[in-house]
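Participant: Got a structure here, written out as structure tokens. Questions coming.
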Amino acid sequence: MATTKDYGFGEHDFARGWFMIGPATDATSVPAAIRYFGKDLVLYRGESGNPYVVDAYCPHMGAHIARNRTSYIVLDGNHVAGESIRCPFHGWSFGPDGACDHIPYSPDFIPKAARLRHYPVVERAGILWMWHDEEGGEPTHELANFGGHYGEPGWVEWKIDYMGDLPIHGAEILDNMADYAHFVPIHGATDWQYFANEFKGHVIHQYYSAGHRTLTANPEDMLVLDTWYEGPGFLQSEMAGTFDSFIMIANTPIENGSTRAWHALMVKVHDGSRETTEADRAAALEYQEGSRLAFAQDVEIWANKRPCLNPMAIPKDGPFGKVRQWYSQFHKPRAEAAKVHERVNGVVVTLDKRPGKSAA
Ligand code: FES
Ligand SMILES: [Fe+2]
């Protein structure tokens, strides 16, 4: 397993950004042990319905706050009360701001330092998103809105496909943004028209137009994709093929050098002027399955490769170096990100065979 340091990205082991930590259904009133960013964490849902992520270990004496089924706190149903979570060991309770709000045997004295670290969490589009920042700062950008398509009339909402825990650094998943040359062998691209990348601050785009062996119904159909990351944690893609659709691919670090991946796809089945039928839903699910299988082709490579610290890149490979430079901004202190933007911002065209354009 190669770590952030091995790649030389920057001083922060884990990138700054919004990351998926699971489908929304993972957050319940039963606190769950989760592990991301090399840390043991606890996920729970308060009575208001708000999800929370807190450090797993109690500041009092270090008990794991979720991993318990036998304490009377848990057996009596007092593990979560209101928005607060209670430690199963001595019953200290911590509110949604992290501060200890009750000690059952010491109602008058609560140490000021008794705090459980909370992490910002947002539930959106059926998914739980956590802002991760080793500097502990506010989000530098809003969480994405997924094209506004989630819940939009005519669109069938995605289901979440868990794709595995992969023994690779997330940077190798983001390499895909530059990776022009893998589309023919891995994904069955045909009849290339255009491939370019645009770097804009914390955003990177990939513009793609080509045929596709499975995602277009007729051989002459073009698959046109605008694919982007807003930060390091998840890909979004507006895809025009047999259906208009919207892809989300999330990559969240578990340890420094390993990554959990998910895939999801929303499909536009009609223009919103009629009811969505079971047949529409079935067609959307089938289309999602085609996209999942296309992504599984990448996943099989990642699950089995060795780390690639320095690609032996040739000019027609696409701008791997630039993508990795862009990616490195999230491992550096936020004050240094602007310097990275100055170096990488702009458009790189790897191939342009559109009518009237000369081949690149
Ligand atoms: S260790 Fe958590 S209350 Fe004592
Ligand atoms: Fe790919």
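Participant: Only one of (1) closer than 30 Å to ARG334 by Cβ; (2) within 16 Å of ligand 2 (Cβ to nearest atom); (3) of a type in the set (D, E, K, R) is not met by GLU134, so which one is it?
Facilitator: (2)
Participant: For residues that are within 9 Å of ligand 1 (Cβ to nearest atom), assigned to a loop (DSSP other than H, G, I, E, B) and buried (at least 17 other Cβ atoms within 10 Å of the Cβ), tally how many sit in segment 64-90.
Facilitator: Qualifying residue count, segment 64-90: 3.
Each row is one residue, and each column tells you yes or no for (1) more than 23 Å from GLY164 (Cα to Cα); (2) touching a strand residue (DSSP E or B) at 6+ places or on another chain (Cβ under 9 Å).
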site: ALA210; (1), (2): yes, yes
site: MET248; (1), (2): no, yes
site: THR252; (1), (2): no, yes
site: LEU265; (1), (2): no, yes
site: LEU285; (1), (2): no, yes
site: ALA296; (1), (2): no, yes
site: LEU309; (1), (2): no, no
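Participant: What do you reckon, is PHE330 in contact with an Asp or Glu (Cβ under 7 Å, 6 or more places away or on another chain), away from ligand 1 (no atom under 16 Å from the Cβ) and at pLDDT 95 or above? Outline the logic, then answer.
Facilitator: Working: in contact with an Asp or Glu (Cβ under 7 Å, 6 or more places away or on another chain): no; away from ligand 1 (no atom under 16 Å from the Cβ): yes; at pLDDT 95 or above: yes.
Considered against the rule, which asks whether it is in contact with an Asp or Glu (Cβ under 7 Å, 6 or more places away or on another chain), away from ligand 1 (no atom under 16 Å from the Cβ) and at pLDDT 95 or above, PHE330 comes out as no.
Participant: Identify the residue in segment 278-304 that is without any contact (Cβ under 8 Å) to a residue 24 or more places away in the chain and either surrounded by 15 or more Cβ atoms within 10 Å (Cβ to Cβ) or under 14 Å from LEU265 (Cα atoms) (or both) and, among all such residues, is nearest to ligand 1 (Cβ to nearest atom). Outline the logic, then answer.
Facilitator: From segment 278-304, those without any contact (Cβ under 8 Å) to a residue 24 or more places away in the chain are 278-279, 282, 286, 289, 300, 304; that's our starting set.
The next check asks that each one be either surrounded by 15 or more Cβ atoms within 10 Å (Cβ to Cβ) or under 14 Å from LEU265 (Cα atoms) (or both); those that pass are 282, 286, 289.
Details: ALA282: 49, GLU286: 49, GLU289: 45 Å.
If we take residues in segment 278-304 being without any contact (Cβ under 8 Å) to a residue 24 or more places away in the chain and either surrounded by 15 or more Cβ atoms within 10 Å (Cβ to Cβ) or under 14 Å from LEU265 (Cα atoms) (or both), then GLU289 is nearest to ligand 1 (Cβ to nearest atom).
Participant: Right, something else. Looking at segment 137-158, is at least one residue assigned to a strand (DSSP E or B) and either surrounded by fewer than 19 Cβ atoms within 10 Å (Cβ to Cβ) or under 15 Å from the mean Cα position of the chain (by Cα) (or both)? Give the derivation first.
Facilitator: At the first step, the residues of segment 137-158 found to be assigned to a strand (DSSP E or B) are 155-156.
Then drop every residue that is not either surrounded by fewer than 19 Cβ atoms within 10 Å (Cβ to Cβ) or under 15 Å from the mean Cα position of the chain (by Cα) (or both), which leaves none.
Checked against the condition, which is being assigned to a strand (DSSP E or B) and either surrounded by fewer than 19 Cβ atoms within 10 Å (Cβ to Cβ) or under 15 Å from the mean Cα position of the chain (by Cα) (or both), segment 137-158 yields no hits at all.
Participant: Turning to a different aspect of this structure: Return yes or no: is ASP97 away from ligand 2 (no atom under 16 Å from the Cβ), not assigned by TED's automatic domain parsing to the domain that holds SER291 and not in a loop (DSSP other than H, G, I, E, B)? Quick ask: steps written out before the conclusion?
Facilitator: Numbers: away from ligand 2 (no atom under 16 Å from the Cβ): yes; not assigned by TED's automatic domain parsing to the domain that holds SER291: yes; not in a loop (DSSP other than H, G, I, E, B): no.
Spelling it out, it is not the case that ASP97 is away from ligand 2 (no atom under 16 Å from the Cβ), not assigned by TED's automatic domain parsing to the domain that holds SER291 and not in a loop (DSSP other than H, G, I, E, B).
Participant: Do we find that GLY321 is farther than 25 Å from MET20 by Cα, touching a strand residue (DSSP E or B) at 6+ places or on another chain (Cβ under 9 Å), away from ligand 2 (no atom under 16 Å from the Cβ) and not aliphatic (A, V, I, L, M) in this structure? Give the derivation first.
Facilitator: Working: farther than 25 Å from MET20 by Cα: yes; touching a strand residue (DSSP E or B) at 6+ places or on another chain (Cβ under 9 Å): no; away from ligand 2 (no atom under 16 Å from the Cβ): yes; not aliphatic (A, V, I, L, M): yes.
No; evaluated as a whole, the condition is false for this residue.
Participant: Does any residue in segment 28-44 that is surrounded by fewer than 21 Cβ atoms within 10 Å (Cβ to Cβ) come within less than 7 Å, Cβ to Cβ, of a residue that is in a strand (DSSP E or B) and of a type in the set (Lys, Arg) six or more places away or on a different chain, and which pairs are these?
Facilitator: THR28/ARG45; SER29/ARG45
Participant: May I ask you to verify whether PRO96 is buried (at least 16 other Cβ atoms within 10 Å of the Cβ), at pLDDT below 95 and out of contact with any Lys or Arg (no Cβ under 6 Å at 6 or more places or on another chain)?
Facilitator: Numbers: buried (at least 16 other Cβ atoms within 10 Å of the Cβ): yes; at pLDDT below 95: yes; out of contact with any Lys or Arg (no Cβ under 6 Å at 6 or more places or on another chain): yes.
Against the criterion (buried (at least 16 other Cβ atoms within 10 Å of the Cβ), at pLDDT below 95 and out of contact with any Lys or Arg (no Cβ under 6 Å at 6 or more places or on another chain)), PRO96 qualifies.
Participant: Now, a different point. For segment 297-321, name all the residues that are within 18 Å of GLY170 (Cβ to Cβ) and among the charged types (D, E, K, R).
Facilitator: Of everything in segment 297-321, those that are within 18 Å of GLY170 (Cβ to Cβ) and among the charged types (D, E, K, R) turn out to be ASP298, GLU300, LYS305, ARG306.
Participant: For GLU255, work out the one condition from (1) assigned to a helix (DSSP H, G or I); (2) in contact (Cβ under 8 Å) with a residue 60 or more places away in the chain; (3) surrounded by fewer than 20 Cβ atoms within 10 Å (Cβ to Cβ) it doesn't fulfil.
Facilitator: (1)
Participant: Could you say whether any residue in segment 193-214 is without any contact (Cβ under 8 Å) to a residue 24 or more places away in the chain, aromatic (Phe, Trp, Tyr) and in a strand (DSSP E or B)?
Facilitator: Yes, segment 193-214 contains at least one residue that is without any contact (Cβ under 8 Å) to a residue 24 or more places away in the chain, aromatic (Phe, Trp, Tyr) and in a strand (DSSP E or B).
The values are calculated or read from the model by the stated rules, or taken from the named source; none is laboratory data. Predicted, not measured: the structure shown is a model, and the values here were computed from it. FYI the Cβ positions are ideal-geometry reconstructions off the backbone, even for glycines, and counts take in every protein chain you see.
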